[in-house]
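Heads up, the thing below is written out as structure tokens.
Values quoted throughout were computed directly from the atomic coordinates according to the rules given, and no laboratory measurement underlies them. Please read all numbers here as calculations on a predicted model, not as lab measurements. Backbone-built Cβ (ideal geometry, glycine too); neighbour counts: all protein chains shown.
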Amino acid sequence: MNYPLISEYIEAIRSAEDNFDKLSNLRPVLDGNGNPIMSNGNFAVVFKMKNVETDKMYAVKCFTREQDEREVRYREIIEVLEQIKSPYFVSTHYYEKELFVDTSQDEETEFPVLLMDWVEGYPIDQFIQDNISNKYRLQLLTYNFCQLGVWLLSQQIAHGDLKPDNIIVREDFSLVLVDYDGMFIPAFYGKSALEVGSPDFQNPNRSISTFNRNIDDFSIALIALSLKSIALSPTLYEKSKSNALITSARDYADLSKSDTLVSLLALSNNKDFAQLFSSFILAYSNKELYPKFHTLIAIEEPLRSNVTDDDIENSFTDELGIRFSNDRKRLIKFPEELAVKQYEVPQGIEVICDWAFSKKSKRGIIGIDYPNAIKLPESLRMIGFAAFGCLPISTMIIPENVEYIEDYAFAGSESLKEIKLSSNCNYLGKHAFYHCMNLIDVYLPPKIEIIEEGLFCGCESLEKIYIPDKVRSIKEAAFQGCLSLKKIRFPKNIESIGKDALRNCAKQSSYNTYKHNTFYERQMYSEFTGYQPTDILTIVTECERTVFSNVIDSEHSPLLLFDKSNLMDLLESSYHQKWKQKDKRKFSEEEIKAVSYAIAVKSDYGYCVEFHMKSGGCTYIPMANNSTIKEGDDIHLDKAYVITLSKFGEKDIYRIAYNVSDV
């Protein structure tokens, strides 16, 4: 049977109430442009749907290609998952002949769908990108994945396609697996796999006939090793040229020739890394991990500030009503009704948990009336999300052992005038001091490398800020609205300064900069008055990193930076009279992920590809002259090529090369 085009599925989903059989109470969730929220892969397209009766969210999976035994296997997989009842899997149901689609691809008009609970969260790779400077969260992600791996290795089942796209990180950092097309269950012994998973995350020796409970061993060991490596050295991910995490299929062809894997050995002095590297070698050699998984995959739990239901259930409450973890190392909650002006946190406490001295509301952070002064113990190592948000304190001394201060930790603490930060602190979270209106001056710890988004946004009394030499990046709106800022020093190692970093710093009077600073000058000083930069030699231009940069939000768009010598080399290059092919490449995984679907459409100048972006809107790129295509054809981006054409004095242009015969 031939399945509908993605564009035909979209039209059917738009009228879900008329086209579904048993699921007629579902409606598509639309993006800002009125298009159904969706994503697509090699064999299916998934729509976000809402039950109009219960308001519950679901994912509806519609298939685009035939797979043998799909219905029979899915029904057996669902039965096993219902028996297991694991939080790592979501509730799933298979409906045969459920969705009516008016399709040109087949005489059949009723097609099967898979209904799954919608998972709110982010794929692992996106979570890493969003938290690349937060080593605490990267360590917690690594630990949680290893816990998942330990559990999965102990079962008689296997997922079959473990990769970042199929591992979702929830708000509480717990993990959920999605996409069960390639799962193995005991009933499938002796059968072949329907798919072999992504090559970047599979043992190079795996084939369709390799189908048993051990097919996840290599993926688990590889992802665990990659996550640990990134947690120890985030620049590995930033510098990676792989579309996977830090390694790809070409590294597994011959481990001895992989520069990336060889470079990882520099991390071998870390105990957890060493045992994860051992598990990777073991899995690569097709040795089963199961007998040794407890010693190889199970790693030490890192510091964590989030609070789970189990934490509450097993907590201890002292005579004042203050809640602690059972091991007395984490302060979980200070009761808002406790009217004490001063409080000394007990020695031995290592973590002040998320929301410990504040309250969460739909509008944000709500402060409590007491205490007005807090003394922190020398044992403290971490301060959690919004832990002291909107608290009426005027002074805070952070002990020397504190390494992490999470997002919004002191946000809204308008009484805070003075804070002494730990010299060992290496992470200050996003908006950590947001709207601390009376904070006057701050000396940032010397280990800080990134000044996070909105760190001092709205600190209108802040007069002086010292930025350490190790800082290499200042994120968006870091000092926005610091009306009293009189002096700021930019160290010579600065590589980038984000949009609106000094927006509305109208009283600014003194800058100390270096000639090779690289930042986006126009955006950085938006609405800044009284300053005309004169000593910045770096020329910064907003350029396309990918063919989709025109639909990527500006704050997520990287900048292409040229220094003077690069610019002069460019200007001295020879003039080209005609457009010439500069590059031909496959679409990157990142680019493919940015697109919901792509189809061929006709224009006045021939055919072009209409890309429907997940972020909303469409973009159009002409087809190359030698492409074979007809109007309405789905474009499989993994089979298409991006052609870059260049000409002196002109901006590079792009064409899409695509031949139906290659699909």
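When a/c is below 1.5 the answer is rounded, else prolate if a/b is larger than b/c, else oblate, so apply that to the range 320-420 with a ≥ b ≥ c taken from the square roots of the Cα gyration tensor eigenvalues.
In terms of gyration-tensor shape, rounded.
How long is the range 141-242 along each principal axis, judged by its Cα atoms, biggest number first, in Å?
The Cα atoms of the range 141-242 stretch 43, 30, 19 Å along their principal axes.
Could you run the Karplus curve 6.51 cos²θ - 1.76 cosθ + 1.60 with θ = phi - 60° over the range 160-171 and give me ³J(HN,Hα) per residue in whole Hz, x for Gly and Pro?
These are the phi-based 3J(HN,Hα) values: x, 8, 6, 7, x, 4, 9, 10, 9, 9, 7, 4 Hz.
Listed highest first by mean packing, meaning other Cβ atoms within 10 Å per residue, what order do 57-68, 406-417 come in?
The densest-packed peptide leads the list: 406-417, 57-68.
Students often forget the sequence filter, so: which aspartates and glutamates lie under 13 Å Cα-Cα from Lys470 once same-chain residues fewer than 8 apart are removed?
Correct list for Lys470: Glu449, Glu495.
So what is log10(I(q)/I(0)) for the range 189-284 at q = 0.15, 0.17, 0.24 1/Å, when the Debye sum runs over its Cα atoms only?
-0.58, -0.73, -1.31
Using the Karplus curve 6.51 cos²θ - 1.76 cosθ + 1.60 with θ = phi - 60°, work out ³J(HN,Hα) for each residue of the range 493-500 in order, rounded to whole Hz, and write x for Gly and Pro.
7, 4, 9, 7, 10, x, 4, 6
Determine the alpha carbon to alpha carbon distance for each of Lys464/Lys492; Lys362/Lys499; Lys584/Lys639; Lys135/Lys486 and list only those over 24 Å.
Beyond 24 Å: Lys362/Lys499; Lys135/Lys486.
Starting from the Cα of Lys341, draw a straight line to each of the aspartates and glutamates and keep only those under 14 Å, dropping any in the same chain fewer than 8 residues away.
Asp369
Would you please classify the overall shape of the range 328-371 from the alpha carbon gyration tensor, given that a ≥ b ≥ c denote the square roots of the eigenvalues, rounded means a/c under 1.5, and beyond that prolate means a/b larger than b/c while oblate covers the rest?
oblate
What residues have an amide H closer than 5 Å to that of Lys333, excluding those fewer than 5 places away on the same chain, when H is modeled at 1.01 Å from N in the peptide plane?
Correct list: Arg323.
Counting other C-beta atoms within 10 Å, and keeping those with at most 16, which DSSP coil trypsin sites (Lys or Arg not before Pro) do you find in the range 455-501?
Lys470, Arg472, Lys486, Lys492
Could you run the Karplus curve 6.51 cos²θ - 1.76 cosθ + 1.60 with θ = phi - 60° over the range 416-425 and give me ³J(HN,Hα) per residue in whole Hz, x for Gly and Pro?
Values per residue, Gly and Pro as x: 5, 10, 9, 9, 10, 8, 5, 6, 9, 5 Hz.
Can you compute the modelled spin-label distance between Glu319 and Asn212, with each label point 7 Å from Cα toward Cβ, in nm?
6.2 nm
For the range 353-407, state which trypsin sites (Lys or Arg not before Pro) are in a DSSP loop and have at most 11 other beta carbons lying within 10 Å of their beta carbon.
Listed in order of number, the matching sites are Lys362, Arg363.
Please sort by residue number the GluC sites (Glu not before Pro) in the range 339-395 whose DSSP state is loop and whose Cβ has at most 16 other Cβ atoms within 10 Å.
Glu378
Going by amide H atoms built from the backbone, whose H comes under 5 Å of the H on Ile621, apart from near neighbours?
Excluding prolines and chain starts, which carry no amide H, the hits are Val609, Phe611.
Beyond a 29 Å Cα-Cα separation, which of these cross-linked pairs lie in this structure: Lys329/Lys447; Lys85/Lys586; Lys239/Lys360?
Table pairs above 29 Å Cα-Cα are Lys85/Lys586; Lys239/Lys360.
In the chain, if every C-alpha pair distance is counted and binned at 20 Å from zero, what percent goes to each bin?
Result returned by the calculation: 16, 44, 35, 5, 0.
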